[in-house]
Amino acid sequence: MFQKDERPEWEVLIQGLEKCVNETNLLRRFNNEVFAGVEIRAGNHCINAFNALSEVAFVEEKTVIQSFVETKTGAPWGLQRISNEAGASGSAQAQDFTYSFDDATLGAGVDIYVIDTGVRTSHAVFTGRATQGFSATGSSVDGDGHGTHVAGTAGGAKFGVAQGANIIAVKVLGDDGSGSSSDTIAGMDWVINNHNKRKTQPGFVGSIMSMSWGLQGTARSVDEVIIGASEAGIHVSVAAGNDGVDACGSTPAQLGGSNSSVVTVGSVNIKNEVSTFSNIGKCVDIYAPGEDILSAWSTGDNIINFLSGTSMACPHTTGVMATLMAQDKSLGQDPAALKKKLLATARSDKVTGSLSGSANLMLSNGVDGAIAKRLVKNYVVPERSGSPAAQAMKKAHDTRELEKWIVVSDDSPLRF
């Protein structure tokens, strides 16, 4: 590095050091209004000679700089896909992937409202961060499992993205996974009021409504409530839908793209291919892992399950939104700015398959864990019979000491 007021010509400078002329290679020059210097490759015996020059402030050996990336092993493939440039490879149902991140708070201070079939808030993955918020049915029990699975992907320990965020259950769908537009509006009404209460509380960062459901067609009332919530500073992520058609034809997916600050999420598999079931088109903002996703299940506090669908891609995005908000508090109640940041952080041109006008953006948390692709492993799937719930309950009763996690089924059925 040269002295502050010095801007010497390197060629002239090196000629004064006869013993080092032929042993020094110039790699790079730096010259701006703040500093000037050069990067060189030289023998150790030349260091003293350079330091002795009046134009030189100091000579320093190049050092390696590393970002403060942390990792968690034993993660599902989706967490590696969003935090690794090379993505993930091998069996999508393996549980030996790696989640990389650079902010250990992982969404702390963010409220994630899971507007769904309910959430089993006592499940081990939520580590005491999940609470019951609202129920349109009179019961807070998740008799379907969909909402608990979504919540686990958004913010559960081990399986989720924002592992420090608050999970708030908003039950608007019944135990068969269906509900009415009026119940959905009632749930969002409660969220808006609760968000306004939370804004004055210490440690609060912001709110996200995560909605892994959709209508067959459109509903103006639902769309306008969602837009109103977004304009009130509540972030919104929605599933694109599983019909393999244009997402612009249904509520709430049609609110994505350039239409609003709502984020509409399509699905990809472990090979980065657009899922055959995923809705596509210009209303889809981003793609995220949505096939063979392992997460929490509602039949027990240590039960987990595989599901597939844009419903599973949506909470991955919800989780990344929460982590970005926690890292930059100015995004906490600015949906437009967060959506811009989310799309800028995404990895470009990673998705293959038909996009039909949507941007080729793969969800990313902005971290590259630098994990190389690996060879595909072969897995033997044990024979199973009976319903997923029956399998889990039988295993629980037949085993004196429960495994830490019990996988209900590896069938990975398609959900909205």
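The values are calculated or read from the model by the stated rules, or taken from the named source; none is laboratory data. Being a predicted model, the structure only gives us computed values, none of them experimental. Positions of Cβ are backbone-derived with ideal geometry, glycine not excepted, and every protein chain shown enters the neighbour counts. Just the protein is used for accessible areas: all its heavy atoms, side chains included, with ligands, DNA and RNA removed. Shrake-Rupley method; radii C 1.70, N 1.55, O 1.52, S 1.80 Å.
Listing for the model above:
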{"item": "Length-normalised contact order of the chain in % [C-alpha pairs under 8 Å, at least 6 apart]", "result": "17"}
{"item": "Chymotrypsin sites (Phe, Trp or Tyr not before Pro) within region 41-122: DSSP coil, no more than 15 neighbouring Cβ in 10 Å", "result": "Phe58, Phe68"}
{"item": "Sequence-separation-based contact order of region 218-366, relative, with Cα cut under 8 Å and 6+ spacing, percent", "result": "24"}
{"item": "Added length on full extension, which subtracts the Cα-Cα distance from 0.36 nm per residue, Val141 to Asn196", "result": "17.2 nm"}
{"item": "Total charge dipole magnitude, region 170-266, about the Cα centre, Cβ charges on Lys, Arg, Asp, Glu only, Debye to nearest 20", "result": "460"}
{"item": "Part-to-part distance (alpha-carbon centres) for region 2-24 and region 175-249, which is given in Å", "result": "65"}
{"item": "Crossing angle, helix 388-398 versus the chain [Cα axis fit, 0-90 degrees, rounded to tens]", "result": "90"}
{"item": "Set of aspartates and glutamates near Lys350 by C-alpha distance (under 18 Å), chain-local residues within fewer than 8 positions excluded", "result": "Glu85, Glu273, Asp285, Glu291, Asp368"}
{"item": "Set of aspartates and glutamates near Lys4 by C-alpha distance (under 15 Å), chain-local residues within fewer than 8 positions excluded", "result": "Glu33, Glu55"}
{"item": "Most to least packed among 84-91, 203-210, 159-166 [average Cβ atoms within 10 Å]", "result": "159-166, 203-210, 84-91"}
{"item": "The chain - charge dipole about Cα centre, Lys and Arg +1 at Cβ, Asp and Glu -1, debye rounded to 20", "result": "420"}
{"item": "Chain lengthening between Thr218 and Ser180 when straightened (0.36 nm per residue, less Cα-Cα)", "result": "12.4 nm"}
{"item": "222 nm mean residue ellipticity, helices alone, for the chain (DSSP H n ≥ 4; -39,500 (n - 2.57); rounded to 500)", "result": "-7000 deg cm²/dmol"}
{"item": "Full-stretch length increase - Ala52, Lys340 - with 0.36 nm per residue and alpha-carbon distance subtracted", "result": "98.6 nm"}
{"item": "DSSP bridge orientation in the chain - percent antiparallel, rounded to nearest 5", "result": "35"}
{"item": "Val59 versus Gln3: modelled label distance in nm, points set 7 Å from Cα along the beta carbon direction", "result": "1.8"}
{"item": "Among beta bridges that DSSP assigns inside region 129-278, antiparallel share in %, nearest 5", "result": "10"}
{"item": "Top of Val69, Val367, Val265 by mean-square fluctuation, Gaussian network on the chain, Cα under 10 Å", "result": "Val69"}
{"item": "Debye log10 I(q)/I(0) at q = 0.08 Å⁻¹ for the chain, Cα point scatterers", "result": "-0.49"}
{"item": "Cut-off of 10 Å, at most 10 other beta carbons, DSSP loop: longest stretch of the chain lacking such trypsin sites (Lys or Arg not before Pro)", "result": "63-376"}
{"item": "Total formal charge among the other residues, if their Cβ is under 13 angstrom from that of Ser258, Lys/Arg +1 and Asp/Glu -1", "result": "+2"}
{"item": "Accessible-area composition of the chain, carbon plus sulfur, in percent [1.4 Å probe]", "result": "49"}
{"item": "Unit charges on C-beta of K, R, D, E only; dipole of region 1-47, Debye", "result": "160"}
{"item": "Greater than 31 Å apart at Cα, pairs in Lys199/Lys340; Lys171/Lys271; Lys72/Lys282; Lys282/Lys329", "result": "Lys171/Lys271; Lys72/Lys282"}
